[in-house]
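Working notes for the structure below.
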Ligand SMILES: [Zn+2]
């Protein structure tokens with residue numbers, strides 16, 4: 001059974017040169033389907049075009065990352081709403097709040113997050129969400145919409161146990177990346193992944209970002225790519241006390257149900 005990467009930023013310029021090789025290497029490592037993250041206007045259009053040209057291997061999300069919230073205007077809102085209706089787009093996002101970098105002012109981030117939550121309600125699709133150092137505000141806003149959307153994944157979960165329990169309590173899914181392999185800032189996740197029910201746990205690379213620090217040999221360019229999802233699967237399986245096959249099977253089943261694959 002092939003793994004599914006729920007967070008691959010394949011529209012990133014670093015994949016332009018060797019896109020086909022990246023997909024071939026993923027296959028060789030047992031990584032089949034991927035959800036291409038849309039994180040900006042252009043990025044979301046590009047993600048959809050990739051999915052449409054992929055023959056069913058790639059799917060897309062449509063949204064604007066909190067880093068880009070200042071660029072979100074009415075035209076963007078209309079475009080994301082239109083893209084979100086495409087059959088290849090399986091979730092609204094990446095959207096959410098990021099108080100770590102604050103590339104966009106916090107009040108703007110909150111307003112833009114809510115507008116995209118509104119799109120998910122309108123089109124009836126799941127949410128693909130980002131939260132960094134913003135749990136309190138993020139959770140307060142999300143709670144108000146939770147009952148009106150079919151499913152929610154908090155992607156690249158990096159927060160603490162209290163935040164994890166809050167998300168599980170309102171029936172969110174959790175995306176785990178190679179952050180768990182970072183002994184400097186991700187060590188706590190090795191315990192926390194044991195608390196996530198198998199039918200709420202999904203795996204992702206967030207490529208080209210977040211190259212797992214335990215990959216050997218380290219690629220010279222430090223670019224993460226979907227083939228390393230198998231490494232993340234191995235580490236998470238070990239932390240949960242499961243076999244690789246068990247975690248592969250449960251995460252694929254969970255992902256297929258979540259994104260309607
Ligand atoms: Zn993110």
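Values in this text are rule-based calculations from the coordinates and carry no lab data. All values derive from a computational prediction rather than experimental measurement. With ideal geometry, Cβ positions are generated from the backbone for all residues, glycine too; neighbour counts draw on all protein chains shown.
Tabulated values for the structure
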| item | result |
| --- | --- |
| For region 26-67: rounded, prolate or oblate by the Cα gyration tensor [a/c cutoff 1.5] | oblate |
| Ratio Rg/Rh, restricted to region 18-141 and using Cα atoms, in which Rh is the Kirkwood radius | 1.01 |
| Relative packing of 225-237, 115-127, 181-193, which averages over residues the other C-beta atoms within 10 Å, highest first | 225-237, 115-127, 181-193 |
| Euclidean distance between Cα centres, region 198-228 to region 100-129, Å | 25 |
| GNM flexibility winner over the chain from 15, 157, 113 (Cα, springs under 10 Å) | 15 |
| Potential extension, residue 114-residue 42 segment - 0.36 nm per residue separation minus Cα distance | 23.9 nm |
| Distribution of pairwise C-alpha distances over the chain, 10 Å bins, in % | 7, 34, 39, 19, 1 |
| 10 Å-binned pair-distance histogram of region 163-261 (Cα, whole percent) | 15, 48, 31, 5, 0 |
| Rounded to 5, the percent of DSSP beta bridges in the chain classed as antiparallel | 0 |
| Residues 65, 12, sorted so that the one with the fewest Cβ neighbours within 10 Å comes first | 12, 65 |
| Exposure proxy ranking, count of Cβ atoms within 10 Å, fewest first, for 205, 11 | 11, 205 |
| CD proxy at 222 nm, helix term only [per DSSP H run n ≥ 4: -39500 (n - 2.57); per residue of the chain; nearest 500] | -12000 deg cm²/dmol |
| Sorted by Cβ density within 10 Å, fewest first, the residues 218, 34 | 218, 34 |
| Burial order of peptide ranges 55-61, 36-42, 66-72 (average beta-carbon count within 10 Å, highest first) | 36-42, 66-72, 55-61 |
